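No value in this document is a laboratory result; all are computed from the given coordinates. These numbers were taken from a predicted model, which means no experiment stands behind them. With ideal geometry, Cβ positions are generated from the backbone for all residues, glycine too; neighbour counts draw on all protein chains shown.
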Amino acid sequence: MKRLGDILIDSGFLTAAELAEALSAQQGTNKKLGEVIVEMGLLSDLDILRAISSQYDIPIIDLQNVEIDPEAAKVVTEQYCFDNTIIPIGYEDGRLVVAQYDPLNILVSDDLRFRTGSEVISMLAPRKAIEEAIRVSFGKEVAQKAAADLESELDITAMKSLGDQITDEVNQAPVVKLINSMIEFAIRANASDIHVEPLADRVRVRIRIDGVLSEIMSNPLAARDAIITRLKILAGLNIAEKRIPQDGRIQTQINGKPVDMRVSVLPTIHGEKTVIRILAKNDANLNRKYLGINAHNDEMIDRIIKVPQGICLISGPTGSGKTTTLYTLLSEKNDPETNIVTVEDPVEIQIPGINQVQVNVKAGMTFAFGLRSILRQDPDIILVGEIRDGETAEIAMRAAITGHLVFSTIHTNDAVSSINRLIDMGLEPFMVSSALIGVISQRLVRRICTNCRREYEPDEIEAKVLNLKPGQKLYVGSGCSECSGTGYKGRIAIHEIVIMTKAMKVLLDRRASEEEMRMLAVSEGTQLLAHAAVELVLEGITTVREMNKVTYSID
């Protein structure tokens, strides 16, 4: 059998010089040649597979459009699949069909024959597609088995009484396995939230990936109380209280790695709905170039954060990336000469060198109380996790006008409305105009999957809305194994930045309308959210659908 390098040269995918360069880079590493070639950017995974496919007539399979037989998948372990980059997908005429990234490794095929007692039919699939299929296949299997165990083994009758009996019951293996597998699957899938929702006839579990919810599990209604009670115990909540909302936190380990989650319980007509927010990892990349900020907005942010005192607000809905932007800007100001203190609920990312304070409402440690205490700590820069009420807003503003640089977030629709929101909280316009430096509003839109991105001819409405030139094309993802058939992979932020210039302060002091302030902001360089989204559509980064979902207006 030919070596991979010879196959790539014979197929015209690689030159001899490029192969020599790759072989040189491979020396001293434990990496396979294919990995090195992809890392160097010489070829993609798919290019390598196409070369192998043409040489040995092995078909390339799209795992996204294949229903994986769970019985076939579990003939080997999950770890075995990861170690060898394979996933058994089914049987054909008694032979085991296996998706492989490296079919040239005949030792794996021989080992599979020995382990399973079946002949093996090899198919080709990209590495990432196989790894994702492994995660989904084995993750769902574990979760579904745990759900089945819960239904068959849990004494539902015991759930009708509260107290120690219910606590003992929900700590039994079936419900513990179910919750653990559910959380582990969500983390592996890079989900931001888990929704456990009691319906009229079942308990539905959904996860949010790239801002979109998808169902991963359905449990019997009889297991509802056991599931919710177990989650309450983990979050340190009152299991006997079912009439009012509760908030808590889960700190645990999944596969040896610490995981921090925020838990919200809300009573509904069918029982208590629980949402688990999976918080950002401590190793998050706090670099401005990863935020998706264009050159124009980058300059405007520089103008804001160079001001030594005042308050900078980040606005947007829940899950719009405000906290990541906030931490990124704060990390830029972090140096040994600067005393930075934060008050947050919760502390999502721990940054070395910064004094971070956790809000504890039960103990009386609110944003307002914490902020008053921070001012006695001789801070240079203060971060207030969120301005939720007039008291917190007033203390933050007073800190900003007495020589401190303050960062905070606020929930509003856009940058201009954030200014009026502060006035609605009871602040005087003169205080806001004196303290506020600027507002950064942001939303997240899904990126088109680069693996399956294709051009298409825009329709008449799209051409008119985007003011397209004749023949100008747009882009969309057709769906592939890389993006799980959605056509999207990852998200990018769009921004709207308003700077409190002298002219803007004059408008604010005379209580001008939002529309007047918006027109002035645009004339002074503000790029509205809608315009930022259009820019990404024209660049082929996102779609018209995503643009409309985030910025659609009746006007």
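Below, the figures for the structure above:
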read-out: Residues with amide H under 5 Å from that of residue 69, placed H, sequence gap 5 or more; value: 90
read-out: Beta bridges per DSSP with both ends in the chain, % antiparallel, nearest 5; value: 65 percent
read-out: The chain: Cys lacking any partner C-beta under 4.7 angstrom; value: 81, 312
read-out: Highest average packing first - 409-422, 85-98, Cβ atoms within 10 Å; value: 409-422, 85-98
read-out: 3J(HN,Hα) from dihedral phi, segment 219-232, Karplus parametrisation 6.51/-1.76/1.60, rounded to Hz, x for glycine, proline; value: 10, x, 4, 4, 8, 3, 5, 5, 5, 5, 5, 4, 5, 5
read-out: Bridge type composition, segment 283-384 - antiparallel percent by DSSP, nearest 5; value: 10 percent
read-out: Per-pair calculated FRET efficiency, R0 = 25 Å: residue 127 and residue 16 via Cβ, rounded to 0.05; value: 0.50
read-out: Calculated from backbone phi, Karplus (6.51, -1.76, 1.60) coupling profile of segment 185-199 in Hz, x at Gly/Pro; value: 5, 4, 5, 4, 7, 6, 7, 9, 9, 10, 10, 9, 10, x, 10
read-out: DSSP bridge orientation in segment 333-474 - percent antiparallel, rounded to nearest 5; value: 15 percent
read-out: ³J(HN,Hα), Karplus 6.51/-1.76/1.60, whole Hz, each residue of segment 116-128, x for Gly, Pro; value: 9, x, 10, 5, 10, 9, 8, 10, 9, 8, x, 3, 4
read-out: Correct choice for Rg and Dmax of the Cα atoms in Å that was computed from the model, options (i) 23.7, 80; (ii) 29.0, 124; (iii) 27.4, 83; value: (iii)
read-out: Gyration tensor (alpha-carbon) shape descriptor, segment 361-470, a/c threshold 1.5; value: prolate
read-out: Dipole of segment 191-232 [Lys/Arg +1, Asp/Glu -1 at C-beta], most positive-end residue of 217, 195, 227; value: 227
read-out: Ordering of 103-112, 324-333, 355-364, 371-380 by packing [mean C-beta count within 10 Å, highest first]; value: 324-333, 103-112, 371-380, 355-364
read-out: Gain on full stretching of the segment that runs from residue 114 to residue 363 - 0.36 nm per residue minus C-alpha separation; value: 83.4 nm
read-out: Mean separation of Cα contacts under 8 Å, 6 or more apart, over the residue count of segment 1-144: relative contact order %; value: 22 percent
read-out: Only Lys, Arg (+1) and Asp, Glu (-1) charged, at Cβ; segment 471-524 dipole about Cα centre in debye; value: 80 debye
